[in-house]
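The values are calculated or read from the model by the stated rules, or taken from the named source; none is laboratory data. Computed from a prediction, not measured in an experiment: that's the story for all the values here. Every residue, glycine as well, gets a Cβ built from its backbone with ideal geometry; the counts of neighbours run over all protein chains shown.
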Amino acid sequence: MKARRTLTLAVVTAAILAGTAAPAAAATDYSTGLVTYNCTFPGVGVQPVTSVAGFSGPDAVAAGGPIAVENFSGGMAVSPDLYKLMAVYLGYDGVRGSGTLPTTAENALPGTANVGVTIPEVFWDPLNRSFYFQGPGPVASFTAGSPGSAAFRWGSPFTLAIEFHFKGNNTWKPWTMNCALRVTSPPQNPYFSPSLPVD
């Protein structure tokens, strides 16, 4: 029997901030802080999901030079209340899938690149209510603009092709999860940090 994998968002966040979410082939690790997306779930509609993402890239680049985005990874966590609705009342206790996450650039071209990611199979429990995504290796390429700095932002909206595990009969239910950055006051900051120096 396959061992069930669980994961906390704290573990994913620590790995990204430490630069260990995936083997880094570039010099600097870029990451967002915790941001909230509103995502659609079966049976319960739109719900907030706490999220974090990161990637590896060069520590600096010349104007007009290439910017390789590598090892894009991150995680998304549901709240205790949403876990209770999904797992206890609806019977969904696991998730897997794939998707495309937009990354937008300032002072770099193209303005947006879509990063393909996979979501490895993971099962939830009351303390581990997260799933993570990964896009290993080179996943996007930009061209730096004028001297100064380039900034990158986790885009919105995006769609994930999810399967939820229904524990009642051990089957997987396909689901299209649509997510958009939650509107807050003050606005959230989905930018990856630090900015990339452009010489």
Pairs where the first residue, in the range 170-199, is more than 20 Å from residue 31 (Cα to Cα) and the second is among the acidic types (Asp, Glu), C-beta under 6 Å, 6+ apart: 172/163; 174/163
I'd like the full set of residues that are surrounded by fewer than 18 Cβ atoms within 10 Å (Cβ to Cβ) and among the aliphatic types (A, V, I, L, M), limited to the range 31-69. 34, 44, 46, 60, 62, 63, 68
Might you let me know whether the range 130-143 holds any residue that is within 24 Å of residue 46 (Cα to Cα), out of contact with any Cys (no Cβ under 7 Å at 6 or more places or on another chain) and not aromatic (Phe, Trp, Tyr)? yes
Could you please tell me which pairs satisfy a Cβ distance under 6 Å, a separation of 6+ or placement on different chains, a first residue in the range 122-150 that is among the basic types (Lys, Arg), and a second residue that is buried (at least 23 other Cβ atoms within 10 Å of the Cβ)? 129/77; 129/78
So residue 186 fits all but one of (1) within 16 Å of the chain's Cα centre (by Cα); (2) part of a loop (DSSP other than H, G, I, E, B); what number is the exception? (1)
Within the range 134-148, which residues are under 19 Å from the mean Cα position of the chain (by Cα) and more than 20 Å from residue 74 (Cβ to Cβ)? none
So which strands (runs of 3 or more DSSP E) are wholly in the range 122-169 and hold at least 3 residues that are over 21 Å from residue 29 (Cα atoms) and modelled with pLDDT of 90 or more? 158-166
Pick from 71, 114, 107: which is at positive phi and within 15 Å of the chain's Cα centre (by Cα)? 71
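Would you be able to say whether some residue in the range 160-171 is surrounded by 16 or more Cβ atoms within 10 Å (Cβ to Cβ) and under 16 Å from the mean Cα position of the chain (by Cα)?
yes
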Given the residues 46, 88, which is the only one that is modelled with pLDDT of 95 or more and on the phi < 0 side of the Ramachandran plot? 46
Can you say whether residue 176 is surrounded by fewer than 16 Cβ atoms within 10 Å (Cβ to Cβ) and part of a strand (DSSP E or B), as far as the supplied structure shows? yes
